Amino acid sequence: MQYDKISGFSDEISSDITIQFEVLNKLGIKFFEPRGIDGKNISTLTCAEACALKSKMSSFDIKASSIGSPIGKIKLSDDFDAHFEVFKNVVSIAKTLDCQCIRIFSFYHDGGEWTCEERSRVFRRLGKLIDYAKENDVILLHENEKDIYGDTAERCKDLMENLYCDNFKAVFDPANFVQCGEDTKKAYELLNRYIAYMHIKDSRRDGTVVPAGHGIGNVEMILDALFKNGYSGFLSLEPHLGSFEGLADLELDDFMEKLPKSGEGTFMIAHSALCDILDKIF
């Protein structure tokens, strides 16, 4: 089945944005999650570069589902004022690209148990980001990423119970939860009411990223439950398969032999695995 809101981190295909869009067109994917653009991070683009990207998007009939920004992926001890300036540029880029959503994180610390003081600093920083998002009518999507404050389901729930609003919602990434030792079924039960965006990434118990449905992330179950609850948001492919030596062992018929030996090939594997799951669900 071709779900009409499939997107993805197409910089995993190539750093060249033209090649990214050519492959997305080939797969019939109408959206992308901009992160790496011709070797530059999306957050560093100038106004002129963002306008040029928008023009290229239009020429390939591609739209942005969410900005794959690095906002919040710094330590609490790092300079937040400087980081906030980067964030303001990301918001400007989002507007140029006609994209309302921006992926963010909830900060690293120096390790060990999170303290009450560190939690308070996380909330203050996120509060400032959310206030600016409200002023600019953008939606911040928090991704559960290993080692940030919101890496476990319980801490993601803590963020959502206190900060969830029209401008701050949750990304659910099954593989990231697995890599944090979390049960994705329990994580889904805790967070389903807050999920506004899905990253399609699966993982084995040892942390190895695999195509959706080939790990223990319960991707099919979670997507099925989401759709039954009326979900109509994006499914964003984040393959992370470049270093996966077990690709050749997967039972994908003769599909493997026909794939390009590049990021295009692994992206196509990720897309095919998602489509297989959607065929089962629908």
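The values are calculated or read from the model by the stated rules, or taken from the named source; none is laboratory data. None of the values given here were measured: they were computed from a predicted structure. Every residue, glycine among them, receives a Cβ derived from its backbone with ideal geometry; neighbour counts consider all protein chains shown. In case anyone asks, the SASA skips ligands and DNA or RNA and just uses the protein heavy atoms, side chains included. Shrake-Rupley method; radii C 1.70, N 1.55, O 1.52, S 1.80 Å.
Using a simple spin-label model with pseudo-atoms 7 Å out from Cα toward Cβ, residue 75 and residue 135 lie 2.9 nm apart.
Evaluate the Kirkwood expression for the hydrodynamic radius of the stretch 87-131, namely the inverse of the mean inverse distance over all pairs of different C-alpha atoms, and round to one decimal in Å.
About 12.3 Å, per the Kirkwood formula over Cα pairs.
Annotation: peptides 209-218, 109-118, ranked by per-residue average of other Cβ atoms within 10 Å with the highest first, follow the order 209-218, 109-118.
Gain on full extension, evaluated as 0.36 nm per residue between residue 224 and residue 48 minus their Cα-Cα distance, stands at 59.2 nm. Rolling a 1.4 Å probe over the protein heavy atoms of the stretch 26-123, with every protein chain left in place, gives an accessible area that is 52 percent carbon and sulfur.
Starting from the Kirkwood radius over alpha-carbon pairs of the stretch 90-236, derive D by Stokes-Einstein at 25 °C in a medium of 0.890 mPa s and give it in µm² s⁻¹. Rounded to a whole number, D works out at 156 µm²/s. Which residue fluctuates the most in the chain, going by a Gaussian network model with Cα springs under 10 Å, if the choices are 175, 48, 225? Of 175, 48, 225, the most mobile in the Gaussian network model is 48. Calculated on the Cα set of the stretch 61-117, radius of gyration then Dmax: 14.0, 47 Å. Expressed in units of 2.2 N^0.38 Å, where N is the residue count, the Cα radius of gyration of the stretch 11-88 is 1.21. One Cα centroid belongs to the stretch 32-53, the other to the stretch 136-207; the line between them spans 25 Å. Taking 0.36 nm per residue of separation and subtracting the Cα-Cα distance, full extension of the segment from residue 166 to residue 146 would add 4.7 nm.
Here the gap between residue 60 and residue 22, fully extended at 0.36 nm per residue and compared with their Cα-Cα distance, gives a gain of 12.9 nm.
Put simply, the Cα atoms of the stretch 49-149 extend 49, 26, 19 Å along their principal axes, the longest span coming first. Among 152, 266, 44, the residue with the largest mean-square fluctuation in a Gaussian network model of the chain, with springs joining Cα atoms closer than 10 Å, is 44. Globularity index of the chain is 0.97 (Cα radius of gyration / 2.2 N^0.38 Å, N = number of residues).
Heavy atoms of the protein chains alone define the surface here; on that basis the stretch 12-70 has 41 Å² accessible area per residue at 1.4 Å probe size.
Work the Kirkwood hydrodynamic radius out for the stretch 177-247: mean of 1/r over every pair of different alpha-carbon atoms, inverted, in Å.
Values: mean 1/r = 0.0792 Å⁻¹.
Hydrodynamic radius (Kirkwood, Cα pairs) of the stretch 177-247 is 12.6 Å.
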